[in-house]
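The values are calculated or read from the model by the stated rules, or taken from the named source; none is laboratory data. Values in this document were obtained by computation on a predicted structure and should not be read as measured data. Cβ placement follows ideal geometry from the backbone for every residue including glycine, while neighbour counts extend to all protein chains displayed. Heads up: the accessible areas ignore ligands, DNA and RNA and are worked out on the full protein's heavy atoms, side chains in. Shrake-Rupley method; radii C 1.70, N 1.55, O 1.52, S 1.80 Å.
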Amino acid sequence: MSDGIRRLAAVLILLIGAALLWVAGLHSHDAESAKNELDSTVAYAREHSASNDPRLKGSSSFERGGWVYVHLEGDASTIGFQHGFLLANEIEDAFPAVQAAMLRSTKRDWPFFRQVAREMLWPKIDPEYQQELQGIAEGLNARTGSQLDVYDIVALNSFEEVPDYYVPWLNKREKVANAPNLKSPGNCSAFVATGSWTKDHQIVIAHNNWTSYMNGERWRVIFDIQPTNGYRILMDGFPGVIASDDDFAINSDGLMVTETTITQFEGWDPNGKPEFFRARKALQYANSIDAYTKIMLDGNNGGYANDWLLGDRKTGEIAQLELGLKAYKLWRTKDGVFAGSNWARDPRVLKEDTPEFNPNDMASSPNARRARWEQLLNENKGKIDVSLAQQMLADHVDSFEKKTQADDRTLCGHIDSTDRGVSVWGWEPYYPGGAVQGKATDSSMAKDMRLVARLGHPCGEDFLAAPFLAAHPEYAWEAPYLRDLKAGPWTEFRSGETHALAK
Ligand SMILES: [Zn+2]
């Protein structure tokens, strides 16, 4: 008997058992509880059978410090299957939260996003990543029987680019009446430093992710990806998404990557390639700053337009790639620092891609944090290392008011604490969002594929959902999804880990 037939027989036996249980159940329980028993037995049989799938060979997962670490290896379809299977529960939890936010902000329905995924995004994705996305849907289905298909997964992967970049472009073009006021998001505070700026003259790179707490509390995956083709990747990420997407990653050829988004960016190229696909491909195949830039520029669709901060540990060189759609600019140095907090600085990018952005409004979150980065990095020139980077990500100095108070202008953002919100990217007063996690690494850690990460506010403060919702009923729509975001400890991860050994 082949393995396949033996597995099928095992499932059949379980199903017959389940049916007998159900018939027996009719005598002692009501029909509904019998049905629940049948459902759970079928689910168990499905999961048990799927867990013997040969595609799972070599993959593994464990939790540490609040993070879920997954090791994925093989060809594209296999990596996808492992991703969908191992993170099935996390995907099923994250999908409705992301979907609810997308529908609410855009006033569009889910079939719209599926159509965009199928007709606009899918045809421009390389076959390798189409196979990986298909694999995610298959692995998810094998584990839970989920009804989500590959276009739902593609739409999920586009959650940082379609709602806030494509939809406003489309509304303007189609002159949609009463169109919602959508703005590109302001995600993150980050820097990369090298040469005389760092303690031992190697590269130090660090990033905290700014997003809604609802999404942020789910942005807790550490992906260790060992693909058949290309370089090995260690990155943080979101369940079901093939790119890091808040973008903090290293690859085995020495590339170190992060970004912050460009505030008030406008534009979209419907013929371009999805950003999530380019960002993942660049991580997997780029062996230099030039190679990374080339992949990001190839088919640039304007989605999720970022200021990319890059490092190459082989050369000690760092770079900032300000990737607008109509314009872009690359700065690079072997002795310097680049910071990011959601502002563009190249005159052409400012003029052509962010016409509404005012770089001189020092009260706004991006500019206030830019001023704080300059101050903090200059003060610490020559002393910067990973442990100092962790402190910087947790910084609570408001450079505009010259006070220490966690708010929208601090590197560790807490928007729920301020009645200002962040108008430049459409966050209302007391918006439940801010810095939701942080990561850092340096050249020598990157050489052994290591990074440190902290879930929750990098300062260690907890966000508690119940008192927040009681005080701010205007956010009641988030109640089904919003949970406590408790800070974990700074935790180290390394490629090739297979279980949660205490460090
Ligand atoms: Zn904080």
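Here are a few things to note about the model shown:
- Normalising the average separation of contacting C-alpha pairs (under 8 angstrom, six or more residues apart) by the number of residues puts the relative contact order of the chain at 15 percent.
- Straightening the chain between THR498 and ASP253 buys 86.0 nm, computed as 0.36 nm per residue apart minus the Cα-Cα spacing.
- Gain in span if fully extended, LYS447 to LYS314, counting 0.36 nm per residue against the direct Cα distance: 47.0 nm
- MRE, 222 nm, helices only [DSSP H, n ≥ 4, -39500 (n - 2.57), over the chain, to nearest 500]: -11000 deg cm²/dmol
- Virtual spin-label span in nm between LYS351 and LYS57, 7 Å along Cα→Cβ: 6.0
- Helix 275-285 axis, angle to the chain major axis (alpha carbon atoms, nearest 10°): 90
- Efficiency of FRET from Cβ geometry, ASP126 and SER40, R₀ 51 Å, rounded to 0.05: 0.80
- Spin-label pair GLN115/ASN89, simplified geometry with 7 Å Cα→Cβ offset, distance in nm: 3.8
- The chain: C-alpha gyration tensor shape, a/c 1.5 cut-off, then a/b vs b/c: prolate
- For the stretch 101-183: accessible area per residue (Å², 1.4 Å): 44
- Accessible carbon and sulfur surface of the stretch 375-503 relative to its total accessible area, %, 1.4 Å: 51
- Net charge contributed by nearby residues that have their C-beta within less than 10 Å of LYS329 (K/R +1, D/E -1): -1
- Per residue, the solvent-accessible area of the stretch 377-484 (1.4 Å probe, heavy atoms of protein chains only, all protein chains present) comes to 40 Å².
- Using a cutoff of 8 angstrom between alpha carbon atoms and counting only pairs six or more residues apart, the relative contact order for the stretch 315-413 works out to 20 percent.
- The fraction of accessible area contributed by carbon and sulfur in the stretch 209-297 is 42 percent, rounded to a whole number (1.4 Å probe; ligands and nucleic acids excluded).
- Fraction in percent of alpha-carbon pairs per bin - 5 Å, the stretch 167-270: 2, 10, 15, 17, 16, 15, 12, 6, 4, 2, 1, 0
- Contour excess over end-to-end distance, with Cα ends at HIS472 and LEU297 and 0.36 nm allotted per residue: 58.8 nm
- Contact order for the stretch 125-221, expressed relative to its length and based on alpha carbon pairs under 8 Å spaced 6+ residues apart, stands at 15 percent.
- Rolling a 1.4 Å probe over the heavy atoms of the protein chains gives the stretch 187-247 an accessible area of 17 Å² per residue.
- Taken as Cα centroids, the stretch 253-328 and the stretch 408-437 sit 26 Å apart, rounded to the nearest whole angstrom.
- Solvent-accessible area, 1.4 Å probe, carbon plus sulfur percent, for the stretch 31-173: 48
- Cβ crowding within 10 Å averaged over residues, with 485-493, 39-47, 236-244 ranked highest first: 236-244, 485-493, 39-47
- Per-q log10 I(q)/I(0), the stretch 232-294, q = 0.15, 0.25 Å⁻¹ (Debye; single scatterer per alpha-carbon; no solvent): -0.49, -1.16
- Volume of the Cα convex hull of the stretch 215-349, divided per residue and given in Å³: 112
- Diagonalising the gyration tensor over the Cα atoms of the stretch 348-503 and scaling each eigenvalue by 5 before taking the square root yields semi-axes of 28, 24, 15 Å, largest first.
- A simple spin-label model places pseudo-atoms 7 Å from Cα toward Cβ; at ASP149 and ARG104 they are separated by 2.9 nm.
- Of all DSSP beta bridges in the chain, antiparallel share, percent nearest 5: 90
- Rounded D (µm²/s) - the stretch 157-211, Kirkwood Rh over Cα pairs, Stokes-Einstein at 4 °C, 1.567 mPa s: 91
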